[in-house]
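*Asks:* Handing you this structure, nothing more for now.
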Amino acid sequence: MRLTVTTWNINSVRLRIESVLRFLREAQPDVLCLQETKCPDELFPLKAFKGSGYEHIVFAGQKGYNGVAIISRFPLLTRDVMSFCERADARHISAVLGPEAGPAAGIVLHDFYVPAGGDVPHRDLNPKFAHKLDFLSELRAWGGRRVAGPAILVGDLNVAPLEHDVWSHKQLLDVVSHTPAETEALETLRGEAGWIDAARLLTPEPEKIYTWWSYRSPNWELANKGRRLDHAWVSPDLAGTVRRVEVFRAARGWDKPSDHVPVTLALEL
């Protein structure tokens, strides 16, 4: 069985619902995990997703900021939301694939939206950066392996951890998302918990991988000053099933795009 799971920071699900539906028509993933939905629960566009064949949906949202959702062809057994840094700010949701998913049944899906961290990479000068580091510290303490069995962790982790996850390692060392404090924190928590970085499993460095291009760039495609902020990790028991990680770059050029693009993980189970 081929299982495909897509992660996408959509930067407002209601504003970009037509782009999401277009992607679902073109790529047809089994599961779509969204971040930054910016949508209170009562306004989530359930009807649009169900009309596209995605009947099974869990979400955690709030007005104007953050928000996560898991949208699935297969039934989802559970809905679990974790809070970090004593804030119930809709940055995590998880669910378990039901028996109807066949060989994928029982896989735990985690969808995360890590704080961006603002513009100043100093804890004492920037409360947003301090929040990000604290969030990563709590994520490290959680680890993600408290639930027995196979698991997938995806999301906008807002860190480009490796040298070739950014357009210029040297120029971005003092830029939030690629500072040593962030990259070391993310790689430490991933390594300690045993998560496998699926994209780099298949495409090792020094090949560049980007999933985000800034709105500030007048010509994002020509400049190509990207960063890999969106990730798909698998538990060690799924490492041998990873077949593909595809960055859907074309979506960055669509009308009213998100600055992130969909990233799809494919497993052969």
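*Asks:* Quick test of your reading of the structure: Ile93 fulfils all but one of (1) among the β-branched types (Val, Ile, Thr); (2) open to solvent by 20 Å² or more (accessible area, probe 1.4 Å); (3) free of Cβ contacts under 8 Å to residues at least 40 places away in the same chain. Name the failing condition by number.
*Replies:* Going through the list (1) among the β-branched types (Val, Ile, Thr); (2) open to solvent by 20 Å² or more (accessible area, probe 1.4 Å); (3) free of Cβ contacts under 8 Å to residues at least 40 places away in the same chain, Ile93 breaks only (2).
*Asks:* Picking from Trp213, Trp220, which residue would you name as being aromatic (Phe, Trp, Tyr), within 17 Å of Pro262 (Cβ to Cβ), open to solvent by less than 80 Å² (accessible area, probe 1.4 Å) and more than 20 Å from the chain's Cα centre (by Cα)?
*Replies:* On the way: Trp213 fails: more than 20 Å from the chain's Cα centre (by Cα).
That would be Trp220, the only listed residue that is aromatic (Phe, Trp, Tyr), within 17 Å of Pro262 (Cβ to Cβ), open to solvent by less than 80 Å² (accessible area, probe 1.4 Å) and more than 20 Å from the chain's Cα centre (by Cα).
*Asks:* When segment 137-150 is examined, which residues are found to be in a helix (DSSP H, G or I) and in contact with a Ser or Thr (Cβ under 9 Å, 6 or more places away or on another chain)? Full working, then the answer.
*Replies:* Let us first name the residues in segment 137-150 that are in a helix (DSSP H, G or I), namely 137-142.
Across segment 137-150, the qualifying residue is only Arg140.
*Asks:* Evaluate the following for Asp255: is it within 18 Å of Val166 (Cα to Cα), at pLDDT 95 or above and either surrounded by 17 or more Cβ atoms within 10 Å (Cβ to Cβ) or not polar (S, T, N, Q) (or both)? Let's see the steps before the verdict.
*Replies:* Working: within 18 Å of Val166 (Cα to Cα): no; at pLDDT 95 or above: yes; either surrounded by 17 or more Cβ atoms within 10 Å (Cβ to Cβ) or not polar (S, T, N, Q) (or both): yes.
No, not satisfied.
Residues are listed down the side, and each one gets a yes or a no for (1) assigned to a loop (DSSP other than H, G, I, E, B); (2) open to solvent by less than 50 Å² (accessible area, probe 1.4 Å); (3) out of contact with any His (no Cβ under 8 Å at 6 or more places or on another chain); (4) closer than 26 Å to Leu3 by Cβ:
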| site | (1), (2), (3), (4) |
| --- | --- |
| Val154 | no, yes, no, yes |
| His164 | no, yes, yes, no |
| Val176 | yes, yes, yes, no |
| Thr183 | no, yes, yes, no |
| Leu189 | no, yes, yes, yes |
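*Asks:* Mind checking whether some residue in segment 5-17 is part of a loop (DSSP other than H, G, I, E, B), open to solvent by 60 Å² or more (accessible area, probe 1.4 Å) and touching a residue at least 60 places away in the same chain (Cβ under 8 Å)?
*Replies:* Narrowing segment 5-17 to residues part of a loop (DSSP other than H, G, I, E, B): 10-16.
Then keep just the ones that are open to solvent by 60 Å² or more (accessible area, probe 1.4 Å); that gives 14-15.
If we keep only those that are touching a residue at least 60 places away in the same chain (Cβ under 8 Å) too, we end up with 15.
Within segment 5-17 (the criterion being part of a loop (DSSP other than H, G, I, E, B), open to solvent by 60 Å² or more (accessible area, probe 1.4 Å) and touching a residue at least 60 places away in the same chain (Cβ under 8 Å)), the answer is yes, since at least one residue qualifies.
*Asks:* May I pose another question? Determine whether segment 108-129 contains at least one residue that is closer than 16 Å to Ala185 by Cβ, assigned to a loop (DSSP other than H, G, I, E, B) and open to solvent by 70 Å² or more (accessible area, probe 1.4 Å).
*Replies:* For segment 108-129, residues closer than 16 Å to Ala185 by Cβ, assigned to a loop (DSSP other than H, G, I, E, B) and open to solvent by 70 Å² or more (accessible area, probe 1.4 Å): present.
*Asks:* Quick one: in segment 58-75, which of the residues that are in a loop (DSSP other than H, G, I, E, B) and touching a Lys or Arg at 6+ places or on another chain (Cβ under 7 Å) is most open to solvent (accessible area, probe 1.4 Å)?
*Replies:* Step one: list which residues in segment 58-75 are in a loop (DSSP other than H, G, I, E, B), which gives 61-67, 73-75.
Those left that are additionally touching a Lys or Arg at 6+ places or on another chain (Cβ under 7 Å): 64-67.
On the way: Gly64: 37, Tyr65: 154, Asn66: 17, Gly67: 0 Å².
Applying the filter and picking the extreme gives Tyr65.
*Asks:* Determine which single condition Thr78 fails, assuming it passes every other condition in (1) open to solvent by 40 Å² or more (accessible area, probe 1.4 Å); (2) within 30 Å of Arg22 (Cβ to Cβ); (3) out of contact with any strand residue (DSSP E or B) (no Cβ under 7 Å at 6 or more places or on another chain); (4) assigned to a loop (DSSP other than H, G, I, E, B).
*Replies:* It fails just one condition, (3).
*Asks:* For segment 33-57, which residues satisfy the criterion of being part of a helix (DSSP H, G or I) and crowded, with 18+ Cβ neighbours inside 10 Å? Steps first, please.
*Replies:* Pass one, segment 33-57, residues part of a helix (DSSP H, G or I): 41-43, 46-50.
Matches in segment 33-57: Phe49 only.
The values are calculated or read from the model by the stated rules, or taken from the named source; none is laboratory data. Just so it is clear, the model here is predicted, and its values are computed rather than measured. Quick reminder, even Gly has a Cβ in these numbers, built from the backbone with ideal geometry, and neighbours come from all protein chains shown. What goes into the accessible areas is simple: the full protein's heavy atoms, side chains included, and nothing from ligands, DNA or RNA. Shrake-Rupley method; radii C 1.70, N 1.55, O 1.52, S 1.80 Å.
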